[in-house]
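The values are calculated or read from the model by the stated rules, or taken from the named source; none is laboratory data. Just so it is clear, the structure is predicted and the values come from calculations on it, not from any experiment. We place every Cβ from the backbone using ideal geometry, glycine too, and count neighbours over all the protein chains shown. Heads up: the accessible areas ignore ligands, DNA and RNA and are worked out on the full protein's heavy atoms, side chains in. Shrake-Rupley method; radii C 1.70, N 1.55, O 1.52, S 1.80 Å.
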Amino acid sequence: MNILLLRTDYIKKGSYTSDYIQLSNSLKKLGHKVTLVGISDKNKNEFGKEMILLNLPFNKRTFLIIELVFLLPLYCIINKINVVIVSNRIIPGTLFLLLIKKLFSIKIIFDVRSIPVERSIPWDYKHACKVAQKWYDGATFITNGTKDYIEQTFNLHYKKTAIFTSAVNPDLFSLDSADTVPDNIKKMTKNRIVLFYHGSISPNRGIYLILDAVNSIKKDYPDILFMSVSIANNLITEYCNSNKYNINENLLLIDPVEYEQMAGYIKLSDICIVPLLRIFWWEISSPLKLMEYLAMEKPIILSDIKAHLTVVPVDSKFALYFNPDDLDDLRKKIIEAIKNIDQLKINGFMGRKIILENYTWDCQANILDKFIHTL
């Protein structure tokens, strides 16, 4: 199959959007030709011929959509595209493609990787979902919960669907991966009990529960160190200041690093924490950060929300679940993990086994491949 994977995400080397590249590479292993289309704020294409990076005309997504309306059908015809996979915000740009898809045997798939979170649903989101339900050949969703939400909220029913989740490149996220962490960072973590978190930070992501717990146990465990790799570490500082937490010696706040370098930082940790609160959009999410920690064979403390329970069995010998609605439960679980850290580390290989069996990009590409052949 000749597949066009069309996104409206900014795709940069070294960022989490590299996941789209991982999916493309895995589809190629199955014999497909894949072209990934994304957005770039640079004029230079860093990725080569198998990726097309578009600029936003006048920095407006609307103008890009207008361009796609006319150019997408021509591109698909000239390059003999068999399958076009698009995200929600691209759907208006497929208007003319819908008119010619049967004539040229082109299948169009609507792919939903997320729903709008921490904000209201954009006015055009519902309309796009309806267009896809009526005129597209199929739809893929990141989780069953996401599919149910779209269908129930907008009173829709997609006849042909598949679920493919977040995933990890197990070669990149491995204890054997290249170590590029600066020596000064390693020195600061030496002989410390390192709790680790990376990614976005907001009040709804549970990060403040970690800070409350660290402040509470620092006297009994003065060597505890909370290491956060994030673009929003200033929120941690602000929260500690507002609550008069004197835990500067227990914090290691690091600016974002290249995606390919993240494994080295995770490797420094003793315990990784995924503290997402019991909020609907997290319940139906597919937890990428959790999967990265599992691939790295790390002991994990995670909130007992559905998204986590779907991936990690509750009785896993390398993980401890906590109740995010109980403000003291995370503190208890951190102490329990510290006391049992050696055994948790011994069993960390079980987490990687979960990844290798279910959550690699090769696994997800196989799911997508089978779905395409049903259309």
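One table, with the values for the structure above:
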| read-out | value |
| --- | --- |
| Conditions (1) of a type in the set (Ser, Thr, Tyr); (2) part of a helix (DSSP H, G or I); (3) at pLDDT below 75: number failed by THR94 | (3) |
| Residues that are among the hydrophobic types (A, V, I, L, M, F, W, C), closer than 27 Å to ALA365 by Cβ and not in a loop (DSSP other than H, G, I, E, B), drawn from region 113-147 | ALA128, CYS129, VAL131, ALA132, TRP135, ALA139, PHE141 |
| PHE226 being modelled with pLDDT under 95 and hydrophobic (A, V, I, L, M, F, W, C) | no |
| Helices (runs of 4 or more DSSP H) fully within region 275-375 counting 1 or more residues that are more than 25 Å from GLU260 (Cα to Cα) and at pLDDT below 95 | 280-283 |
| Boolean, TYR321 is closer than 23 Å to SER174 by Cβ, within 22 Å of the chain's Cα centre (by Cα), surrounded by 18 or more Cβ atoms within 10 Å (Cβ to Cβ) and aromatic (Phe, Trp, Tyr) | no |
| Any hit, region 247-268, residues being in a loop (DSSP other than H, G, I, E, B), without any contact (Cβ under 8 Å) to a residue 12 or more places away in the chain and more than 26 Å from the chain's Cα centre (by Cα) | no |
| Residue, modelled with the lowest pLDDT, within region 21-52, restricted to residues that are under 20 Å from LEU97 (Cβ atoms) and open to solvent by 20 Å² or more (accessible area, probe 1.4 Å) | ILE52 |
| Cross-chain or 6+ apart pairs with Cβ under 8 Å, region 162-173 first and of a type in the set (D, E, K, R), then surrounded by fewer than 23 Cβ atoms within 10 Å (Cβ to Cβ) and at pLDDT below 95 | ASP171/SER177 |
| Region 335-365, subset among the acidic types (Asp, Glu) and more than 30 Å from LEU30 (Cβ to Cβ), residue most open to solvent (accessible area, probe 1.4 Å) | ASP342 |
| Filter result (among the polar types (S, T, N, Q) and open to solvent by 90 Å² or more (accessible area, probe 1.4 Å)) within region 230-271 | ASN241, ASN246, ASN248 |
| Every pair of residues 6+ apart whose Cβ atoms lie under 7 Å, when the first sits in region 183-206 and is more than 21 Å from ARG278 (Cα to Cα) and part of a loop (DSSP other than H, G, I, E, B) while the second is open to solvent by less than 40 Å² (accessible area, probe 1.4 Å) and hydrophobic (A, V, I, L, M, F, W, C) | ARG192/LEU225 |
| Only listed residue being open to solvent by 20 Å² or more (accessible area, probe 1.4 Å), part of a loop (DSSP other than H, G, I, E, B) and not polar (S, T, N, Q), chosen from LEU156, LEU209 | LEU156 |
| Members of region 329-371 found to be under 23 Å from the mean Cα position of the chain (by Cα) and over 19 Å from VAL312 (Cα atoms), listed by number | ASP362, ALA365, ASN366, ILE367, LEU368, ASP369, LYS370, PHE371 |
| All positions within region 234-246 that are more than 27 Å from ASN191 (Cβ to Cβ) and outside any helix (DSSP H, G or I) | ASN243, LYS244 |
| Failed item, numbered, when PRO116 is tested on (1) under 26 Å from the mean Cα position of the chain (by Cα); (2) at pLDDT 95 or above | (2) |
